[in-house]
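In what follows, a structure is listed as structure tokens, so that the remarks can point back to it.
The values are calculated or read from the model by the stated rules, or taken from the named source; none is laboratory data. Just so you know, these numbers come straight off a predicted model, no measurement behind them. Note: ideal-geometry Cβ built from the backbone for every residue, glycine included; neighbour counts use all protein chains shown.
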């Protein structure tokens, strides 16, 4: 097969000792950058781009792909350990990752996230080789109407996820939208709520808001609870200790979410726009809808971490598809990569794959190898990172605030953004105190401007008619998907209820029959716990066993 | 590379000691101009047109040993250039800060209270003009400029796109439409990628793009160039007519130039004008212009300021007329 020949050639070309060293260096640098709150993959790439100018294009792209992956994973580490996502794509990882860390399961959470990322990245690399032409033609059908629908899809998912107090959740999202209106209005060029400040022309960035809400807000809230006085239950994070490794139960429980997340993430990521963020949210929602224990979500459910983790990693592979096949960046990080391509004299565009095949396939191959490297590095480094969770709060708290200030300042060197970050820290404290959802705010801040911009573009194009959404093929498909997304949780509930009723009736019948024949068959006495763990895998069919055991 | 720089620095130091020994004619003013590190500000993020130009220049300066000290390059992006050029503004009176310009250098002060005007800075010179292409999708029913005008005038009103609102792209689309007698609905984008997919998906009819960023798609036949805004046809696209040929004159372009802080010392300005005149003669610079399809357009010193002033006035008039300001 041609594609696999190409991939194999790419791997051979990339796997020189020099390149492997670059790969290692890239993954480490990426992780360090990603762990600093505020420096996500796009900032990491931008900062490290100049380092690669002295390398040949293949070496440079190997290193950058490694940085990209390392930084993505670094964001997960902070999401899990200190509840501070480095970028919007890892917001969903805080939902269950942080509760897991609080339960003392930071080690398994991080290892499972690394495994999820590895599987997703590998599936993504294979999918790129196979599905590039297919997804490229899909990506080319994405105009403003489709982009708007994808963003709405993400927002709908968010509303479904909020759960708990939906009113407060929706209110949080509205605050996010309000913050998102600051800056130049793309439609008319008017300034909104900038008060003449130069710093606010480009609007309020996601990064200071997220760092403030999650990082500083969390610290303040812990202080308020008196967390600094608590004696931490020491949990030992060491690769040698048994607690560090995920249990067989974790692995089985996550197999389905990781597989689903990988495919979902890849295809959402291949569409230009808010790829990874929307993908991780959709995956979280999907996992919660198909889960048999949705009530565990948000309180430390492993599938709630591994699904979105797989999805955001697969989405970053997916984002390479429009980049390599159309020359169109699908995300902020790939936009920086395009800048790099041009500086190495490579013309991004549809001809990149035919004119510079060794480069394009080298890139894909280095993503593949980068994943392996990331998994190896992680297994050795997670104990080091996870030991952060052992540091007493009175030491860790102030340190995190310093890191938050530094992280915010390094991104744009702006003191106004540091002020915004600290302001959002206060806001985050009160939001947590009164049960608002900081995650909803942050996601709305990221997706709000895109929704507004694409809707306005759509309305200019259609002359104000909403019929445009029904005229275009891809739009129609997205509308159908949206309806499915809304109906799916309802339908699963109905199916479950119907199944439960059916099984109860069947069980009752059997019991009656058994009573009549006098005594149960021996097989019925299998302890329910074991069947339950098996039932946690991919499909919903084993539903029967769970209901049976209750 | 590092070694040559160190060698160079020590050579320069040696020279300075020698000249200091030779005679004390300068009267303690410190002697020849470049005697400190240069602080080079790029007002945009890495990878964009401005960034590539600045890094090419610095590379040429260092490779040809034109600047005797170190040059520190830093991306200070934010506020459509306002942050970076604001930083340069704060170095007023000094000769060791420098920055490259682009279209936002003219348009940002028009839409925001930046505290500076393009004419406030000490001009080194305009080096090149970055012209644009009007682009249609490769499968559109119009594949030449004439077909496009027929299509647009036949339809009366068409949907076109460009980057931003208060920007060169909008002025181009509107000027062409006015000249040919059709109406446009202008869709502003923030991002080149989204605009390209939008065009390919058939949501908009044409868009404005820079040759450097769209040439790959043109060669692959995915998009078709209809019109070039420069004064002469591009060598790479000999079949694409210019605005001038079709009676649309004075289409604006992105000014790619170099500026020093306001009120920089005369000797600094002189030194940079002379040095940049050498830079634009180098093969590397010509290669850069060719690769990025930039047109040589050189105006040194005060000519550059006059040019900036005129261009800003023209932009302001056009944009006010079009209702964007």
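The table that follows gives values for the structure above.
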| read-out | value |
| --- | --- |
| Which numbered condition residue B:152 fails, given (1) crowded, with 19+ Cβ neighbours inside 10 Å; (2) under 27 Å from the mean Cα position of the chain (by Cα) | (2) |
| Criterion (touching a residue at least 12 places away in the same chain (Cβ under 8 Å), within 11 Å of chain A (Cβ to nearest Cβ) and within 21 Å of residue B:254 (Cα to Cα)) met by exactly one of B:230, B:193, B:138, B:161 | B:161 |
| Filter result for residue B:180 (under 19 Å from residue B:321 (Cα atoms) and more than 8 Å from chain A (Cβ to nearest Cβ)) | yes |
| Among residues of the stretch B:296-310, those that are under 12 Å from residue B:255 (Cβ atoms) and at pLDDT below 90, counted | 1 |
| Selection count, the stretch A:443-469, where residues are at pLDDT 90 or above, more than 9 Å from chain B (Cβ to nearest Cβ) and surrounded by 23 or more Cβ atoms within 10 Å (Cβ to Cβ) | 0 |
| In the stretch A:194-229, the residues that are within 13 Å of another protein chain (Cβ to nearest Cβ) and modelled with pLDDT of 85 or more | A:204 |
| Number of positions in the stretch B:197-211 that are part of a helix (DSSP H, G or I), within 8 Å of chain A (Cβ to nearest Cβ) and either surrounded by fewer than 24 Cβ atoms within 10 Å (Cβ to Cβ) or touching a strand residue (DSSP E or B) at 6+ places or on another chain (Cβ under 7 Å) (or both) | 2 |
| Within the stretch B:212-233, tally of residues that are assigned to a helix (DSSP H, G or I) and under 18 Å from residue B:49 (Cα atoms) | 6 |
| Exclusive hit being over 25 Å from residue B:98 (Cβ atoms) and either in contact (Cβ under 8 Å) with a residue 12 or more places away in the chain or touching a helix residue (DSSP H, G or I) at 6+ places or on another chain (Cβ under 8 Å) (or both), set B:275, B:282, B:224 | B:224 |
| Considering residues of the stretch A:396-413 that are within 14 Å of another protein chain (Cβ to nearest Cβ) and in contact (Cβ under 8 Å) with a residue 60 or more places away in the chain only, the residue surrounded by the most Cβ atoms within 10 Å (Cβ to Cβ) | A:408 |
| Residue within the stretch B:33-44 that is outside any helix (DSSP H, G or I), modelled with pLDDT under 85 and either touching a helix residue (DSSP H, G or I) at 6+ places or on another chain (Cβ under 6 Å) or in the same structural domain as residue B:89 (by TED's automatic domain parsing) (or both) present | yes |
| Unique residue being more than 14 Å from residue B:45 (Cβ to Cβ) and within 11 Å of chain A (Cβ to nearest Cβ) when the list is B:83, B:107, B:101 | B:107 |
| Members of the stretch A:414-435 found to be closer than 15 Å to residue A:219 by Cβ and crowded, with 19+ Cβ neighbours inside 10 Å, listed by number | A:421, A:424, A:425, A:427, A:428, A:429, A:431, A:432 |
| Which numbered condition residue B:223 misses (of (1) modelled with pLDDT of 90 or more; (2) buried (at least 24 other Cβ atoms within 10 Å of the Cβ); (3) at the interface with chain A (Cβ under 7 Å from one of its Cβ atoms)) | (3) |
| Only one of A:99, A:108, A:145 that is more than 24 Å from residue A:381 (Cα to Cα) and either modelled with pLDDT under 80 or assigned to a helix (DSSP H, G or I) (or both) | A:145 |
| Condition met for residue A:381 (over 30 Å from residue B:217 (Cα atoms), modelled with pLDDT of 80 or more and away from chain B (no Cβ under 14 Å)) | no |
| Verdict on residue B:173 being within 13 Å of chain A (Cβ to nearest Cβ), touching a strand residue (DSSP E or B) at 6+ places or on another chain (Cβ under 9 Å), closer than 26 Å to residue B:101 by Cβ and at pLDDT 90 or above | yes |
| Filter result for residue A:130 (closer than 28 Å to residue A:378 by Cβ, out of contact with any helix residue (DSSP H, G or I) (no Cβ under 7 Å at 6 or more places or on another chain) and either within 14 Å of chain B (Cβ to nearest Cβ) or modelled with pLDDT of 75 or more (or both)) | no |
| Unique match (being at pLDDT below 90, under 19 Å from the mean Cα position of the chain (by Cα) and crowded, with 24+ Cβ neighbours inside 10 Å) among B:167, B:190 | B:167 |
